[in-house]
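Enquirer: Before we start, here is the structure in question, set down as structure tokens.
The values are calculated or read from the model by the stated rules, or taken from the named source; none is laboratory data. Only a predicted model underlies this, so the values are computations on that prediction, with no experimental measurement involved. All Cβ positions, glycine included, derive from the backbone under ideal geometry; neighbour counts span all protein chains shown.
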Amino acid sequence: MSYSNLSKKRKIVDECRVFNKEWSEMYFFTDIGVKAVCLICHETVAVFKEYNLKRHFQTKHASFGQNLSKQELQKKATDLEKSLKQQQTLFKKTLSSQSNATKASFILANKIAKQNKSFAEAEFIKDCMVDAVSVVCPEVKSKIEAISLSRRTIVRRIDAIAVNIQEQLLTASDSFQWFSIALDESTDIQDTAQLLIYIRGIGIHQRNTVYGNDGN
Ligand SMILES: [Zn+2]
């Protein structure tokens, strides 16, 4: 291969910033998404450039694996890569189970609001679920315990749901071509006037939409 071909090839590899698998055993790096991650200290290097990875390895881990043969180095790199990927999977699983717990908390808050139940009932519901699950499938008990259903959380969730419904109503009513409104007023337990507004509209995108909105 002539020198010009070689330099051309190197340029393409550099520009595409492709991770070269050989770097794993040469400099102990792996690629995760668009970043190169050091298998030894887990530091990331943003650019897939051999020079950057080599510099990291030579300045920070110069003596790493000095007494190992080529085969042992390969095995070490594979093992480290495997354990890093396992950690990543575990991290992803934790994240998704947290978001599932939040989702469940919203679903129950929505039910409580719809049924006009006291906010404190969510704590009782959780108690019941934990007890029942401990008998039926104890392995998921910790997942139920992770669902936040305290009275304060339920108040925050219901507030957030109300804001979201109002936003949906405002967005949807923008496209109403015809609509009808029904109003009903009554007072709540503290003698505060409550106005219930029903809007039924026909928009451009949706044929028939019915929304209910509670307001003072
Ligand atoms: Zn490192």
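Enquirer: Tell me, yes or no, whether the range 96-115 has at least one residue that is within 12 Å of the ligand (Cβ to nearest atom), within 26 Å of the chain's Cα centre (by Cα) and of a type outside the set (S, T, N, Q).
Expert: Checked the range 96-115: no residue is within 12 Å of the ligand (Cβ to nearest atom), within 26 Å of the chain's Cα centre (by Cα) and of a type outside the set (S, T, N, Q).
Enquirer: Which of the residues that make up the range 44-63 are within 10 Å of the ligand (Cβ to nearest atom), surrounded by fewer than 15 Cβ atoms within 10 Å (Cβ to Cβ) and at pLDDT 90 or above?
Expert: Thr59, Lys60
Enquirer: Oh, and also: Please enumerate the residues belonging to the range 114-134 that are among the small types (Gly, Ala, Ser) and surrounded by fewer than 17 Cβ atoms within 10 Å (Cβ to Cβ).
Expert: Correct list: Ser118, Ala120, Ala132, Ser134.
Enquirer: While we're here: Could you check the range 79-136 and list, in sequence order, the residues that are more than 13 Å from Ser150 (Cβ to Cβ) and aromatic (Phe, Trp, Tyr)?
Expert: Correct list: Phe91, Phe106.
Enquirer: Scan the range 20-43 residue by residue and report those that are within 25 Å of Lys92 (Cβ to Cβ) and within 12 Å of the ligand (Cβ to nearest atom). Spell out how you get there, then give the answer.
Expert: At the first step, the residues of the range 20-43 found to be within 25 Å of Lys92 (Cβ to Cβ) are 21, 23-24, 28-43.
Result: Phe28, Phe29, Thr30, Ala36, Val37, Cys38, Leu39, Ile40, Cys41, His42, Glu43.
Enquirer: Still on this structure, please answer the following. Residues in the range 168-180: is at least one in a helix (DSSP H, G or I) and within 24 Å of Ser97 (Cα to Cα)? Break it down stepwise before answering.
Expert: Filtering the range 168-180 for residues in a helix (DSSP H, G or I) gives 168-174.
Restricting the remaining residues to those that are within 24 Å of Ser97 (Cα to Cα) gives none.
Scanning the range 168-180, I find no residue that is in a helix (DSSP H, G or I) and within 24 Å of Ser97 (Cα to Cα), so the answer is no.
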